[in-house]
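First up is the structure itself, then whatever we jot down about it.
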Amino acid sequence: CRRFRERQYWCLKRGREIRYQKDQDYEEDFKRHFFEAVRAPLRYDLPVMAELSGGLDSSSIVCVADQIIAAGQARAPRLETVSSVSGESQQSDERKFIRLVEEQRSRMGHHVHEEDYRFLSPVIDTAASRSLNPLILSVNYHDRVHEIMSKSGARVLLSGQGGDQIMGGASDLAPQLGDLLLQCKFRLLHKQLKAWSKERKRSYFDLLWQRLLLPMLSLKVQAKFNSEEAK
């Protein structure tokens, strides 16, 4: 039988801060890291698939990947895109943004229509329904993506998920405040929490409890406090 061994190959360096004199230096350093992050999964000599929503994150990844492949800096022969589109809701249909990227790269992508592969559809596979997998809410969509990747010969799927959190598009400062608390940077924690309270127009102590202290408690304790507040 096969044996599997788990080992840590990378660790985030806590406490290391990058300081530059000019804003342009931060921009150049970010672009360098971003290009390297996109280039890394393009090392396979097979086509690579990328999810394209038309948003800033996925669009940037697709366009940068095209540049890298065109420059001969990756082994992947080409990049194909797959997008979830909807014809029933104009507000959630992002095809007009997706088309702009497709026109830029002169290549049409694969479109998965939500009407044919609905989210929150019942799961037929009982084994899958017993797992705590967040993708279970969109299992039909991901099954279709798997079919498209198989036909294209792609084994790598790029995604823009997490981009908002990393780039500041998601305005939840709870993770940052938690880091400051664990690092015992109480003065900076107070300053950030005060600014957040003013921006959100919420009580300083309410944010301190709800977004910083309560999430650090056990799920059982959190459920108890939440049920009491709901009464």
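The values are calculated or read from the model by the stated rules, or taken from the named source; none is laboratory data. None of the values given here were measured: they were computed from a predicted structure. Methodologically, a virtual Cβ is constructed for each residue, glycine included, from the backbone with ideal geometry; neighbour enumeration extends over all protein chains shown. SASA here: full protein model, heavy atoms, side chains in, ligands and nucleic acids out. Shrake-Rupley method; radii C 1.70, N 1.55, O 1.52, S 1.80 Å.
Under the shape rule built on the C-alpha gyration tensor, where the axes satisfy a ≥ b ≥ c, segment 1-51 is oblate, since a/c reaches at least 1.5 while a/b does not exceed b/c. In this label model, Asp93 and Asp172 are separated by 3.1 nm, measuring between points 7 Å along each Cα→Cβ vector. D by Stokes-Einstein for segment 29-120, Kirkwood Rh over Cα pairs, 25 °C, 0.890 mPa s: 175 µm²/s. With a Förster radius of 45 Å applied to the C-beta separation of Arg75 and Arg118, the computed FRET efficiency comes to 0.80.
Within the listed set Glu27, Glu102, Glu147, the residue fluctuating most in the Gaussian network model of the chain (springs between alpha-carbon atoms under 10 angstrom) is Glu27.
At a probe radius of 1.4 angstrom, the accessible area of segment 1-76 per residue rounds to 84 square angstrom.
Per q in 0.09, 0.11, 0.17 Å⁻¹, report the Debye log10 I(q)/I(0) for the chain, using one uniform scatterer on each alpha carbon and no solvent. Rounded to two decimals, the profile gives -0.59, -0.87, -1.31. Summed over qualifying helices (DSSP H, 4 residues or more, each -39500 (n - 2.57)) and divided by its residue number, the chain shows a 222 nm mean residue ellipticity of -13500 deg cm²/dmol. Once the Cα-Cα distance is subtracted from the 0.36 nm per residue extended length, the Val221 to Glu199 segment shows a gain of 5.0 nm. Taking a Cβ cut-off of under 13 Å around Asp45, the surrounding Lys, Arg, Asp and Glu residues balance to a net charge of +4, with basic ones at +1 and acidic ones at -1. Were the residues from Arg187 through Cys63 laid out at 0.36 nm apart, the gain over their Cα-Cα distance would be 40.5 nm. Along segment 204-211 the Karplus relation, 6.51 cos²θ - 1.76 cosθ + 1.60 evaluated at θ = phi - 60°, assigns HN-Hα couplings of 4, 6, 5, 5, 4, 7, 6, 9 Hz to successive residues, with x for each Gly and Pro. At an R0 of 35 angstrom, the distance between the Cβ atoms of Gln24 and Lys151 translates into a FRET efficiency of 0.20. Spin-label pair Lys13-Arg43: with each label point 7 Å from Cα along the Cα-Cβ axis, the two points sit 2.0 nm from one another. Dipole orientation for the chain: of the candidates Met216, Ile148, Ser92, Met216 has the Cα lying most toward the positive pole (charges on Cβ; Lys, Arg +1; Asp, Glu -1). Axis of helix 95-105 versus longest Cα principal axis of the chain: the two differ by about 60°, to the nearest ten degrees.
Modelled spin-label separation between Met108 and Asp143, with each label point placed 7 Å from Cα along the Cα-to-Cβ direction: 2.6 nm. In the calculated pair-distance distribution of segment 189-231, the portion above 14 angstrom amounts to 53 percent of the Cα-Cα pairs. Measure off, as a whole percent, the carbon and sulfur share of the 1.4 Å-probe accessible area of the chain, all protein chains present. Of all accessible area on the chain, carbon and sulfur atoms account for 53 percent.
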